[in-house]
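A short write-up of the structure that comes next.
A short reminder: the numbers here are calculations on the coordinates, not readings from a lab. In this text the structure is predicted, and so the values were computed from the model without any measurement. Note: ideal-geometry Cβ built from the backbone for every residue, glycine included; neighbour counts use all protein chains shown.
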Amino acid sequence: MMGKVIEEEKRQLSDYIKHYRPKQILRDRIMESIIFLGGLSAVIFTIGIFLFVIKEAWPFLSSRFSLMEFLTNIEWYPVSNVSVRYGAKALFVGTAAVTIGSMVLAIPVGIGTAIFISEFCGPKFKEVAKILIELLASIPSVVWGFIAVMVMNPFIINVLHEPVGLNVFNASIILALMSIPMIVSIGEDALRSVPDTYREAAESLGATRLEVVIRVIIPAAKNGLIAAILLGVGRAVGETMAVLMATGHSVAIPDSIFSPVRTLTATVAAEMGEAPKGSEHYQTLFTIGLSLLLITFSINFISDILLRKSWKRK
Amino acid sequence: MKEKIKIQNLTASYNGKSILRNINLSVIQNEILAVIGPANSGKTSLLRCINRMCDFIPEMDVEGDILLDGVSTFAKRDSTVIRRRIGMVSPLPVGLPMSIRDNVTFAPKVAGCKDPVILEEIMEDCLKKSALWDEVKDRLDMIATKLSGGQQQRLTIARALSHFPEVLCLDEFSIAIDPVTTMRIEEILKELKKEMTIILVTNLNFQARRLSDRTAMIFEGDLLEVGATKDVFSGNTQQQKTKDYIEGLFG
C-alpha cells in the first residue's frame, strides 16, 4: 500500500520536472527585466546628475568662466560690488590639504585596525570592536563638527599654543576619525573574504602569523583594501558639515598644518543659501559642484586603471 | 628502528563532539605509514594535530601529546618551528595567490633563506620531484591560482617539500590528480622515503597497499589496529572491521 503511494508520488514529481512550464518562463522574463531596469537606473542617475550640474553651471561656464582664473587665482569674491572674482585655487588647495592630512592618519590606522580585527584579535574582542566601530560610523557629521569646535579647538589653542584652533590639523583629525570606521569595516570585509585555506597553507609552511598577513593575506585582499581606502578618500573629499566647522572657513593658501582653510564643499554649503537662483554666484557654486564630481570620478577612474594594471601583470 | 613520531594518548574533540579517542601510534623513521578508514573517522584531524594546525581551530580541544624525535611538540610555544619540520599536503589544491616561483620559495624565504641562487635550485628541485617542472618551467612568474586543479595540487606537494621536511604528511594527495601523474608521484614518494618519514592518509586502499610499509586503520575516532601492510592486506588483520573495510564490505 505504502509502496504504491510512493510510486505515485514519484511519477507525479517526475512529470512535474519534465513538464514544460510557460508560466515559469514568463516569471523569469519579468524578473530579468526588473533587474535590468535596476541596473539601468544606476547609469541613468549618474548621467542625470552630471547633466543637471552642467546645466545649472552652463551660463557661467560658457560666458565669464576662465579656467585659468578658476584654478590659479586665490581671490574668491563672488558677491563683490566693485569687481567679482571667482578664483577657487584656495578652495582646491584647502580640500586637498584636509584630504591628504586626514588620509595620512586614516589609512595606516584604518587598515591596521582592519588587519588586527580580522587576523590577530580573539573572537570576543572582535565582536565588541566591530560594534564600536559601526557606532563610530553612525555619528552624524554635525556632531563631529561640535567636537572640532568644542574639544579640538581649545586643545590646539591651549596645549599646542597655536593662535587658531580651527585649521587643517583640526579638520584632518576630525575627517580621519570619520573615515576610519568606513576603511576598517570595508577593509575587514576584504580580509575576511580571503579563504582560510590560504592561511592554513601558508602557516603549515612554517610562516608566522605576521608573515602570512604580509605575504599572503594582504596581496590576496589588495583590491578590497584599495576600495576601502578610496571610499575613505571619497568621504574626506565630499564631507561638508564637519569641515565647515573645523577648518576655520577662511579663503587662504595654508602655509602650515595650523593654518585655517576653506574647502570646496563647505563653500557651496555656506554660500548656497545667499545665492539667488540663476545668478552668476549660483552658477559658480554649481561649477564648484562640477569640479567635485570630476575629482571623485577621476579618483575612481585612476583606481580602476591601477587595479586593472595589477591584474594584467599577473 | 627509530621512532620519528610518537603519538601518546591523543584525544581530540570538536565543539564537544569527540573526534579522536586515545590514539597511541608510532611512526618509524623512513617508513611510509598509510592511514586508512572511512570518511569522518578523524584521519585529517590526526594530521592536523601532528603539525599543530589544531591551534588554528578555536573549537578544537586536544589532549595527550605528540613527540617528534622524542621531544613533545605540544609543549613548544612556537608552532612555526614544528611546522617547518613537517610538510603538509591538503586534499584540495591551494595555490597561494602569488607566482609559481614565490609559492615554492615561500617556505625557504620565511625560514630565512635569501640567496636567490639557492632559492632557484630549491624551486627547480621541488617542482621536478612533484612532476610539475616540465609543465611550468616557461611560466614561473604566472600567478599560481591560474593553474589547473591537478597542477595546483602538484604545486602544493612541491611547496610541502620546499622546506626539507623531516616528516611529510599527505592527506588524500591524489584526488585532484590523474592516474598517470599519481603513479609518477608515487614513484617519487618511494624515493623520498630514503630522506624522510611519510604519513599517507588515503581513501584508496590500493594506494595504501602499493606504497606503504605499515598501515593504520582508524574507525570513528578509534585506532583499530596498526600492522605491516602486507599482513593487513592479505587478510591477516587483528580486527574483523579492518578486514571488512579493506574488502569493501562497508565504508
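So here's what we get for this one:
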| item | result |
| --- | --- |
| Debye, to nearest 20: dipole size of the range B:3-241, +1 on Lys, Arg Cβ, -1 on Asp, Glu Cβ | 80 debye |
| Length-normalised contact order of chain B in % [C-alpha pairs under 8 Å, at least 6 apart] | 27 percent |
| Total formal charge among the other residues, if their Cβ is under 14 angstrom from that of B:SER45, Lys/Arg +1 and Asp/Glu -1 | -4 |
| Ranked packing of B:141-149, A:166-174, most packed first, by mean Cβ within 10 Å | A:166-174, B:141-149 |
| Span-rule helices in chain B, defined as complete DSSP H runs reaching 15 Å or more along the axis (Cα) with Kyte mean at least -1.0 | B:100-110, B:116-129, B:149-161, B:179-192 |
| FRET E, pair B:GLU135, A:ASN81, Förster distance 56 Å, beta-carbon r, rounded to 0.05 | 0.10 |
| P(r) tail fraction, chain A - alpha-carbon pairs more than 25 Å apart, % | 64 percent |
| Check: the range B:205-251 dipole with +1 on Lys, Arg Cβ and -1 on Asp, Glu Cβ, in debye | 220 debye |
| Cβ-based exposure ranking for A:PHE60, B:PHE164, in which fewest neighbours within 10 Å come first | B:PHE164, A:PHE60 |
| Two-site label geometry, A:ILE302 and A:LEU51: point separation in nm, points 7 Å out along Cα→Cβ | 3.0 nm |
| Theoretical gain in end-to-end length, A:VAL5 to A:VAL43 [0.36 nm per residue, Cα-Cα removed] | 8.2 nm |
| Cα-based equivalent ellipsoid of the range A:192-302: semi-axis lengths in Å, sorted from largest, via gyration tensor | 45, 17, 10 |
| Shielding of B:99-111 by partner chains, average beta-carbon count, 10 Å | 3 |
| Ascending count of other beta-carbon atoms within 10 Å, so fewest first, for B:ASP244, B:ASP138 | B:ASP138, B:ASP244 |
| Entries of B:LYS6/B:LYS230; B:LYS129/B:LYS193; B:LYS4/B:LYS194; B:LYS109/B:LYS194; B:LYS76/B:LYS193 with Cα pairs more than 20 Å apart | B:LYS6/B:LYS230; B:LYS109/B:LYS194; B:LYS76/B:LYS193 |
| Partners for A:LYS124 among aspartates and glutamates (Cα-Cα distance below 18 Å; same-chain residues under 8 apart left out) | A:GLU134, A:GLU188, A:ASP189, B:ASP55, B:GLU59 |
| Quarter of Cα convex hull surface for the protein assembly as shown, i.e. mean projection, nm² | 39.9 nm² |
| Estimated dipole of chain A in Debye, rounded to 20 [Cβ of Lys and Arg +1, of Asp and Glu -1, Cα centre] | 1000 debye |
| Rounded to 10°, Cα long-axis angle of helix A:222-238 versus longest principal axis of chain A | 40 degrees |
| Label-to-label distance, nm, for residues given as B:ASN15 and B:GLN239 (7 Å Cα→Cβ offset) | 2.6 nm |
| Lysine pair count for the range A:1-108 [Cα-Cα under 30 Å; pairs on different chains or 8 or more apart] | 4 |
| Estimated FRET transfer efficiency when R0 is 41 angstrom, pair A:LYS126-B:THR145 (beta carbons, to 0.05) | 0.90 |
| Karplus 3J(HN,Hα) series, Hz, for the range A:60-75 with 6.51 cos²θ - 1.76 cosθ + 1.60 (x for Gly, Pro) | 6, 4, 8, 10, 7, 4, 10, 4, 4, 4, 4, 8, 10, 8, 9, 8 |
| P(r) tail fraction, chain B - alpha-carbon pairs more than 24 Å apart, % | 47 percent |
| Averaged over A:190-203, number of beta-carbon atoms from partner chains that fall within 10 Å | 4 |
| Residues B:ARG85, A:ARG85, A:ARG199, B:ARG77 arranged by fewest to most Cβ contacts within 10 Å | B:ARG77, A:ARG85, B:ARG85, A:ARG199 |
| Peptide-level mean, for B:85-97, of C-beta atoms on other protein chains within 10 Å | 4 |
| Within straight-line cross-link reach of B:LYS190, aspartates and glutamates at Cα separation under 17 Å, skipping those fewer than 8 residues along the same chain | B:GLU31, B:ASP125, B:GLU166, B:ASP171, B:GLU172, B:ASP213 |
| Residue-averaged 222 nm ellipticity for the protein assembly as shown, from DSSP H runs of 4+ at -39500 (n - 2.57), nearest 500 | -17500 deg cm²/dmol |
